[in-house]
Amino acid sequence: MFGKLELIHMAQSLARHAGARQAEIARNIANADTPGYRAQDLQPFADSYGDDLLAPRHSRPRHFGAAQGAGEARPIHTADAAEPNGNSVSLETEMMRAAEVRQQHDMALAIYRSSADILRSSLERR
């Protein structure tokens, strides 16, 4: 019955993606004054998680048949306009992205809490 809890796995992936995206945002803010630095962001969670939820997934990169780097979100350059020194970091944009990431992380935690409450209540009734 509890062998496959896809919702919990999805919440875990969302939390992991939010953490990785927050690291990219922090890197962008840290390099806001670096000449020639191009701001980076991760692809949206829905694109990185995949459309086919029923396809077999590989939990470790060395599993047989796993593609190299499967499941990893890779940074992409954003299309923000560059300053005269070549830097494309906009602090306003990064702060908006940080707020969006916080909402995603809070949603993942809410899913964890709700799932744990459901499992706890179902086990107490036995």
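The values are calculated or read from the model by the stated rules, or taken from the named source; none is laboratory data. Remember, it's a predicted structure, so these values are computed and weren't measured experimentally. Virtual Cβ from ideal backbone geometry, glycine too; neighbours counted across all protein chains shown.
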Odd one out for Asn87, checked against (1) in a helix (DSSP H, G or I); (2) surrounded by 12 or more Cβ atoms within 10 Å (Cβ to Cβ): (1)
Residues (surrounded by 14 or more Cβ atoms within 10 Å (Cβ to Cβ), charged (D, E, K, R) and either within 15 Å of Glu83 (Cα to Cα) or over 21 Å from the mean Cα position of the chain (by Cα) (or both)) located in region 24-41: Arg38
Among (1) within 28 Å of Leu119 (Cα to Cα); (2) in a helix (DSSP H, G or I); (3) modelled with pLDDT under 90 - the single one Gly19 does not satisfy: (3)
